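Only one structure is covered here, and it is reproduced in the block below.
The values are calculated or read from the model by the stated rules, or taken from the named source; none is laboratory data. Computed from a predicted structure; not experimentally measured. Cβ: placed from backbone, ideal geometry, glycine included. Neighbour counts: every protein chain shown.
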Amino acid sequence: MPRRELTETEAKHWRAIADHYRAATKHLDQIRQILLLELEETGHPLDLLDKCEEALAGNAYMHTPQSEWMGGTDGPTKVRAPHICEVRP
């Protein structure tokens, strides 16, 4: 089933959501480094961090608008709804 085409404004908002998920994942990586390298902490704090990372896994990709090539060498592209969107007829 084809994904619906997005306006540039809609695509911008979806990209912002995906960027926030990427930033959150980066922050979790930084927290892990501090816990392990600076505080030498293991156990419960890392278990909680693992759960947060698991919850975020793949969300940036799932929320990124999809480009669709329209043909030709430098052919135009359409921007389609991200994978997270369910398109209904």
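Quick rundown of the values:
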| quantity | calculated |
| --- | --- |
| Residues satisfying the stated conditions in the range 36-71, i.e. of a type in the set (D, E, K, R) and part of a helix (DSSP H, G or I) | 38, 47, 50, 51, 53, 54 |
| Only one of 4, 22, 15 that is more than 18 Å from the chain's Cα centre (by Cα) and basic (Lys, Arg) | 4 |
| Failed condition for residue 2, given (1) at pLDDT 95 or above; (2) assigned to a loop (DSSP other than H, G, I, E, B) | (1) |
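So that you can scan it fast, the table gives a plain yes or no per residue for (1) without any contact (Cβ under 8 Å) to a residue 60 or more places away in the chain; (2) out of contact with any helix residue (DSSP H, G or I) (no Cβ under 9 Å at 6 or more places or on another chain); (3) farther than 23 Å from residue 6 by Cα; (4) acidic (Asp, Glu):
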site	(1), (2), (3), (4)
19	yes, no, no, yes
22	yes, no, no, no
27	yes, yes, yes, no
45	yes, no, yes, no
51	yes, yes, yes, no
69	yes, yes, no, no
